[in-house]
């Protein structure tokens, strides 16, 4: 394939052009994209927190994690007969997917669909991280003390949950796609950083 | 490349952990967030004198709509990512410091645009505000960090080891 010159400015413009479409597709297909991640999350929860989680339900891009924790009544210290459930939003932790899609498509490198699919597979556990960390944070920090006490988490575990939640919501969703893109487009990035006008040679 | 990424991840986790400590929150994050609100209000007041800033809140005296600048919206996390990426990359210290100064300015500059745009978007359409706030601007700020980092790496002398 012939070499093509592209500037960083042009590349950014192409990313900006792809972003609205990528966000639209991501938003509309949210329930489909969320489904495998819901299965993975349910498996991780069953494996790691079987005593805390009864089941995971999906409705659109929302997951309801039904816990085994009994809610505390406001008027007495007795426990009610129901269980505590937490709703978490898949979109809040997966908005890096449209960014990744726009970066991959704007780079115009070979096999973009393969890279997109691989990106989804790589980012899926990190999205799970965010969803599970939010669930844990909410049952530990946002519930009545009588409910939080049922989790059995000690002070250190609570600190770890707080850090995992902050890291999973503020850092991972944006950084992970950028890191994945750089790793899968090393030659492209190196051509840019050499300052040779970003001449891109397509190879298959 | 591997050494760069390991260094980047380590520095990022370290800086992020530092950011969450009460001392850094009290002496840096909260004052910076309040300053960001004041800068945003100062800029908006040039063409809209009804805007007021109190603490981390930017409010319209005209219709009462207000936005509070919280963690994730103050640009601190994006700055941490940029700092970690520049410090972890093999380059002369002078270049790193110049890159950090200009890069942080670029990231925080776009963040001011984010705050002001969300402030007006929220007054116009709250659903769009939510979408832009929770998803679109987060992605755009990270794109800004990536572009700033790429531009900085491009300015480095060829003698610097490449991340290969």
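For a quick check of your reading of the model, give me the residue pairs whose first member lies in the stretch A:142-164 and is closer than 12 Å to residue A:84 by Cβ, whose second is loosely packed, with under 12 Cβ neighbours inside 10 Å, with beta-carbon atoms closer than 7 Å and at least 6 apart or on different chains. Going by the 7 Å Cβ cut-off, the qualifying pairs are A:146/A:77.
Only one of the numbered conditions (1) touching a residue at least 60 places away in the same chain (Cβ under 8 Å); (2) facing chain B (nearest Cβ under 10 Å) is not met by residue A:108, and that is (2).
Of the residues making up the stretch A:128-180, not one is under 23 Å from residue A:96 (Cα atoms) and modelled with pLDDT under 90. Filtered by the rule that a residue be more than 14 Å from every other protein chain (Cβ to nearest Cβ) and closer than 15 Å to residue B:73 by Cα, the stretch B:123-155 gives a lone residue, B:129.
Take the conditions exposed (fewer than 15 other Cβ atoms within 10 Å of the Cβ), within 11 Å of chain B (Cβ to nearest Cβ) and either farther than 23 Å from residue A:89 by Cβ or touching a strand residue (DSSP E or B) at 6+ places or on another chain (Cβ under 6 Å) (or both) and apply them to residue A:183. Does it pass? For residue A:183, the condition - exposed (fewer than 15 other Cβ atoms within 10 Å of the Cβ), within 11 Å of chain B (Cβ to nearest Cβ) and either farther than 23 Å from residue A:89 by Cβ or touching a strand residue (DSSP E or B) at 6+ places or on another chain (Cβ under 6 Å) (or both) - is met. Only one entry in B:53, B:61 is free of Cβ contacts under 8 Å to residues at least 12 places away in the same chain, at negative phi and either touching a strand residue (DSSP E or B) at 6+ places or on another chain (Cβ under 9 Å) or more than 14 Å from chain A (Cβ to nearest Cβ) (or both), namely B:61.
With respect to residue A:37, is the statement that it is touching a residue at least 12 places away in the same chain (Cβ under 8 Å) and farther than 20 Å from residue A:117 by Cβ true? No; evaluated as a whole, the condition is false for this residue.
The values are calculated or read from the model by the stated rules, or taken from the named source; none is laboratory data. Just so it is clear, the structure is predicted and the values come from calculations on it, not from any experiment. Cβ atoms come from the backbone with ideal geometry, glycine included; neighbour counts cover every protein chain shown.
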